[in-house]
Amino acid sequence: MSDRAPIVHAEVRRVALPLLKPFVTGFGVTDSRQTVLVHLRDEDGNEGWGEGPALDHPYYLPDTTASTYRTAVDYALPLALRARDLEPATVAAAMSGIKGNTFARAGVEEAFWSLRAAAERTTIKALMGGERDAVPVGESLSIAETIDETLAEVELRLGEGYQRIKLKIRPGWDVEPVRAVREAFGDDVFLQVDANAAYSLDDVEDLRRLDEYGLACIEQPLAWDALLEHAELQRALATPVCLDETLRSVDDVRRALDMDACRNVNLKPGRVGGLTASLQIAELCRGRGVPLWCGGMLESGIGRAGNLALCSVAGFTDPADMSPASVLFEWDLVDPTFEVEPDGTVPVPAATGLGFPVRRDRVERQTVHGTVVLGAGVARV
């Protein structure tokens, strides 16, 4: 909106998050966690916060925390600040010339969504036209050392109310944990698996063995760029293939659905370049009747705020990956943060702006690098 107060301060920070324990997936172990924050303040004192939650390493996608930070500082945020107005869609368009680097663009764009919500004394959910007041959620379980450990955590998470269980798998750790969970907890548990690109087409017979367990989907079984191969695999499986790493834009999702490379979609705002693109993907999946759910990137509450608002819009059919900070971190960058309700839902933030109060003292204390792009002063380096 052209009558909005101008932005007078804009900064990017690379912040360390205190993981409770390493997170083990098919691509390896995540034992450290940093994330990228974008902070805006306008002339009226309204604040916007966004998070670009790439991982510290390049084993999930090429983007890393380090590359996201530099791209946000050098390109994404300067382009956004030169946009013709402060509307999130306009900002997203201003950054569209950046190839890839989706997490940097997403972090910048979320800050403009929350700034607009703060300036208009409303919520990100309302700006998006969201309908739900609460989001059904599931839990994603790291690869454990033993089947017994997996069963104990499944029991814990189901007891806490989570509506879906996702097991991380890799070759040699797939059929046995799935069988054990089905035998222990029955066929009514909403169960899916996530391979994080750990398999190849040579493993078709192993993956086909999962068909008998009534899984909602097998997420990202093949390489992150293996679109044609996923179409071939889907033809060989009864279980729906869900794509994650392969889908980095609206066009990627459209191509995958057109060629039947997947029948289920994991949507992560950071992976597709932001909330504006995410809304377009939600509309596409709703029109195609394709199951859609929001994945997680071990975000702090800053990133989770945008994810929760996104999940309130039409089109999201399946429980989201929305682990609260108490599962992942020693503490959150927002306080109070959220927890899962006994019915397996998380309330969509109802407070104006970002929706959660940011703990500036924690952000300051955990800052590893910081750059002020607009305004006086320099963030601690």
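Descriptive notes on the structure:
- Residue identified as touching a Gly at 6+ places or on another chain (Cβ under 8 Å), touching a residue at least 60 places away in the same chain (Cβ under 8 Å) and not assigned by TED's automatic domain parsing to the domain that holds Asn196 among Val24, Val12: Val12
- Verdict on Arg84 being assigned to a strand (DSSP E or B) and surrounded by fewer than 21 Cβ atoms within 10 Å (Cβ to Cβ): no
- Where strands (runs of 3 or more DSSP E) sit wholly within the range 14-67, those with at least 3 residues that are touching a strand residue (DSSP E or B) at 6+ places or on another chain (Cβ under 9 Å) occupy 23-25, 33-42, 47-52.
- Subset tally (residues that are under 25 Å from the mean Cα position of the chain (by Cα) and either surrounded by fewer than 19 Cβ atoms within 10 Å (Cβ to Cβ) or assigned to a helix (DSSP H, G or I) (or both)) for the range 181-199: 2
- Checked against (1) over 17 Å from the mean Cα position of the chain (by Cα); (2) at pLDDT 95 or above, Thr64 passes all but a single condition, namely (1).
- Among the residues examined, Arg380 qualifies as basic (Lys, Arg), touching a helix residue (DSSP H, G or I) at 6+ places or on another chain (Cβ under 9 Å), surrounded by fewer than 20 Cβ atoms within 10 Å (Cβ to Cβ) and at pLDDT below 95.
- Some residue of the range 80-98 being of a type in the set (A, V, I, L, M, F, W, C), touching a Lys or Arg at 6+ places or on another chain (Cβ under 7 Å), closer than 15 Å to Leu298 by Cα and in the same structural domain as Gly370 (by TED's automatic domain parsing): no
- Within the range 87-113, the set of residues being part of a helix (DSSP H, G or I) and surrounded by fewer than 19 Cβ atoms within 10 Å (Cβ to Cβ) comprises Ala89, Thr90, Ala93.
- Selected residue [in contact (Cβ under 8 Å) with a residue 12 or more places away in the chain and either touching a strand residue (DSSP E or B) at 6+ places or on another chain (Cβ under 6 Å) or acidic (Asp, Glu) (or both)] from Leu191, Leu222: Leu191
- Selection within the range 47-81: residues that are hydrophobic (A, V, I, L, M, F, W, C) and touching a helix residue (DSSP H, G or I) at 6+ places or on another chain (Cβ under 6 Å). The member of this set that is surrounded by the most Cβ atoms within 10 Å (Cβ to Cβ) is Ala72.
- Any hit, the range 129-145, residues being part of a helix (DSSP H, G or I), of a type outside the set (D, E, K, R) and within 29 Å of Val346 (Cα to Cα): no
- Where helices (runs of 4 or more DSSP H) fall wholly inside the range 230-331, the ranges with 2 or more residues that are under 14 Å from the mean Cα position of the chain (by Cα) and surrounded by 24 or more Cβ atoms within 10 Å (Cβ to Cβ) are 269-272, 275-288, 301-311.
- One residue from Glu212, Glu160 being on the phi < 0 side of the Ramachandran plot, surrounded by fewer than 23 Cβ atoms within 10 Å (Cβ to Cβ) and under 22 Å from the mean Cα position of the chain (by Cα): Glu160
- Boolean, Val73 is among the hydrophobic types (A, V, I, L, M, F, W, C) and assigned to a strand (DSSP E or B): no
- Members of the range 1-46 found to be loosely packed, with under 15 Cβ neighbours inside 10 Å and charged (D, E, K, R), listed by number: Asp3, Lys21, Asp31, Glu43, Asp44
- Hey, Ala117 more than 17 Å from Ser249 (Cα to Cα), in the same structural domain as Arg157 (by TED's automatic domain parsing) and modelled with pLDDT of 95 or more or not: no
- Evaluation of Arg116 against (1) surrounded by fewer than 24 Cβ atoms within 10 Å (Cβ to Cβ); (2) out of contact with any Lys or Arg (no Cβ under 8 Å at 6 or more places or on another chain); (3) touching a residue at least 12 places away in the same chain (Cβ under 8 Å); (4) within 20 Å of Asn46 (Cβ to Cβ) (one fails), failing number: (2)
- Taking the criterion of being aliphatic (A, V, I, L, M), within 18 Å of Thr35 (Cα to Cα) and within 20 Å of the chain's Cα centre (by Cα), the residues of the range 67-104 that qualify are Ala72, Ala76, Ala104.
- Unmet criterion (only one of (1) under 23 Å from Leu292 (Cα atoms); (2) in contact (Cβ under 8 Å) with a residue 12 or more places away in the chain; (3) not in a loop (DSSP other than H, G, I, E, B)) for Pro78: (1)
The values are calculated or read from the model by the stated rules, or taken from the named source; none is laboratory data. None of the values given here were measured: they were computed from a predicted structure. No Cβ is skipped: glycine too gets one built from the backbone with ideal geometry, and neighbour counts run over all protein chains shown.
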